[in-house]
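Taking it in order: structure first as structure tokens, then the write-up.
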Amino acid sequence: MVDQPLLRVENLFKYFPVSHSIIRGLIGKQAKVVHAVDNVGFTLKMGEILALVGESGSGKTTVGMNVLGLQVPTRGKVIFDGIDVAYWCQGRIGDSDYSDKNGLAKLSSRKQVLLLRRRAQMIFQDPYESLNPRQKIFDIVAEPLDIHGLSQSESDRKDKVRDALEICGLAPADHFWDRYPDGLSGGQRQRVVIAGALVLEPELLIADEPVSMLDVSIRAELLNLLMEIRNKRNISILYTTHDLATAGYFTDRMAVMYLGRIVELGPTREVLSNPRHPYTKSLVSVLPAPNPRRQRERVILSGEVPNPIDLPTGCRFHPRCPVSRDDCQKIDPDFVQVTAEHKAACLFVQ
Amino acid sequence: MTMLEVKNLSVSYLTDEQVALNAVENVSFRLEPGRSLGIVGESGCGKTTIILALMRILPEAGRIVDGQVIFENRDLFQLSEAEMCKVRWGDISMVFQGAMNSLNPVRTVESQIVEALLRHKQVDTKRQARKRTAELLKKVGIAPERGKQYPHQYSGGMRQRAFIAMALSCNPKVLIADEPTTALDVMIQAQITQLLKKLQRELNLTLILVTHDLGVVAELCDDVLVMYGGKVAEYATSDTIYNAAKHPYTRRLLKAFPDIDNLDADLVSIPGVPPRLDDLPIGCRFSPRCNLCKDYCMRDQPRLVELEDSHYIACHMYSRK
């Protein structure tokens, strides 16, 4: 169990059909698809924090959705604790090739799905929109307990809510739990969102841009909170963001995505200090340095991420790549190992 | 020569109960032609209110309580509305917060810029207006043919560029940009920052940048005004602010900003939340969150003092002498 990763994503593909005209269909043209995620693979160990970094449209959120079973992969697998999430999220563990040591397949479909939801939780981006304005803080955090039937008694229910709120820095809890979300600041709201996820004691948290809506002055404390939760409870966290700098602070490993594919993956510090893919290099170079004396040499890419319907031939980054050569238009590069833990998908990594 | 000077500006908002809440108190700054100023601070510190007051476009509840805005030797607060209309957009133009969503969705980008040109009598005929629009679009890095398209056919970064083109349409002397890079992807942020830098140099623009992003300010601004709770906390050149800041708030704000060249430094938030306008601390506005707070900080408000050449600070550590 120790060596086995908690989460394994294997050759994950997720395509979305583009609505196309009847005429195109009649003349036999293939329906077009959006290549949202195109052959992505990674693992996440127990207690590890992995950053999934990329611009809008890179597919990082889609990966998160597939990991949680909110979407079903077009191809490939997401294995969470040994079980294929595509079956699990539909309550059909019995149909997967899982050996079923624990007898999970005998549970009803609904129970199977609930179990997945309890073990893998999500934190959304916008704490102003993800809390019900008409529910008190206590009820927001207690609701998951009720749905999962996890509280033995009223006092147990209270204790669990108190624990969750206080771990998230809202202490003393009874000072907060009678309030409504509009009585809280943005940072406090996001703490409530995290408490609502933690109350179920999940093993995996997907945090989708959890601090991007907050003021810079309070981002640090939420990132420190996530790190603390990991340290105390050994939870694995998948942190999706477009901000390399915040990811640099508290994640163990980093996967950089471009147009639906991971282009570089490695230990966070190593990727940031020694980026090997030209895309990562450029992303690192444009990070603002908070000092006018140390402005970096910037490699600003022109244009934007191309649309994921008609992908470029060869390396999908070549049209914007500052160092692309002729081969890049023809060959779709495989990963090259830079070190045992660090790999980049570029023909010219060496 | 001074291009723009704000003197002792105070602005309040009236609540529904007719109580005046001070959003901005006694703010002063000065800009020479071609210089750039960054106004930074957390949400609610009054940075946008300063700009809206300066342009005289405060919402209905807003009142200018005191102060002057001197632009080329004229006090903007004394001008008639008709005269002010000429100053707005003609002399001082603005890229609003969320500008990429403030283009009219049912009209082409070109027609919106043409309208601004004709209304401000920059050109006489529609034909000239179109020609000028093409030049403007080219200047901000949009192919002129795309002027015929609608905003929804543009990406977020391009809409931001189109709005900047519109803001430049009347050859303003001062450009104000309110959070121009917020909500954009990192690479697009870098592109817009680069564009503003280039335009400022080429057109010798005087630039005011309102933002909470200290990285953009470090790259673009000569001077920095740090606001807290509606008052100036510290005001100095960028080099001083980033390398020799004295105010505890400025120093902590800098520490909260992630810097990948220095990942081993602790990233420390400022505990607590900025003060609410209806519940401002009696003493120093920052005292409830300040780790160096003394009893007199909670009692008395610090004066803004000049430490050395053009380095202003409002903190008892420096003003109680």
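Nothing in this text is a laboratory measurement; each read-out follows from the coordinates by a stated rule. If you're wondering where the values come from, they're calculated on a predicted model, not measured in any experiment. Cβ sites come from the backbone with ideal geometry, for glycine too, and all protein chains shown count toward neighbours.
Miscellaneous remarks
- Over the protein assembly as shown, equivalent-ellipsoid semi-axes from the Cα gyration tensor in Å: 44, 34, 24
- Neighbouring Cβ atoms from other chains, within 10 Å of the Cβ of residues in A:217-228, number 5 on average.
- Segments A:77-90, B:112-125 sorted - mean Cβ within 10 Å per residue, highest first: A:77-90, B:112-125
- Chain A - Kirkwood radius from inverse mean 1/r over Cα pairs (Å): 21.9 Å
- In degrees, nearest ten, helix A:186-198 long axis to first principal axis of chain A (Cα): 80 degrees
- Peptide-level mean, for B:186-198, of C-beta atoms on other protein chains within 10 Å: 5
- 16 Å Cα-Cα reach of A:Lys281 towards lysines, excluding residues that sit fewer than 8 places from it in its own chain: A:Lys343
- Cβ-placed point charges (K, R +1; D, E -1), dipole of the range B:281-321 about Cα centre in debye, nearest 20: 240 debye
- DSSP bridge orientation in the protein assembly as shown - percent antiparallel, rounded to nearest 5: 60 percent
- Its residues counted as N, the range A:133-202 yields a C-alpha radius of gyration over 2.2 N^0.38 Å of 0.99.
- Taking other C-beta atoms within 10 angstrom as a stand-in for reagent exposure, A:Ile23, A:Ile147 fall in the order A:Ile23, A:Ile147, fewest first.
- Inter-chain Cβ neighbour count for B:286-298, averaged per residue, equals 0 (cutoff 10 Å, partner chain atoms only).
- Most to least packed among A:154-161, A:239-246 [average Cβ atoms within 10 Å]: A:239-246, A:154-161
- Counting all C-alpha pairs of chain B, share separated by more than 31 Å (%): 34 percent
- Counting every other Cβ atom within 10 Å of each residue's Cβ, B:Arg63, A:Arg320 order from fewest to most as B:Arg63, A:Arg320.
- Take B:271-282, B:211-222 and order them by the average number of nearby Cβ atoms within 10 Å per residue, most first; the result is B:211-222, B:271-282.
- For the protein assembly as shown, the 222 nm mean residue ellipticity estimated from helices alone, with every DSSP H stretch of n ≥ 4 adding -39500 (n - 2.57) and the total spread over all residues, rounds to -9000 deg cm²/dmol.
- Using R0 = 30 Å, the C-beta based FRET efficiency linking B:Leu21 and B:Val305 works out to 0.70.
- Applying a length cut-off of 15 Å (Cα extent along the axis) and a mean Kyte-Doolittle floor of 0.5 to the DSSP H helices of chain B leaves B:109-119.
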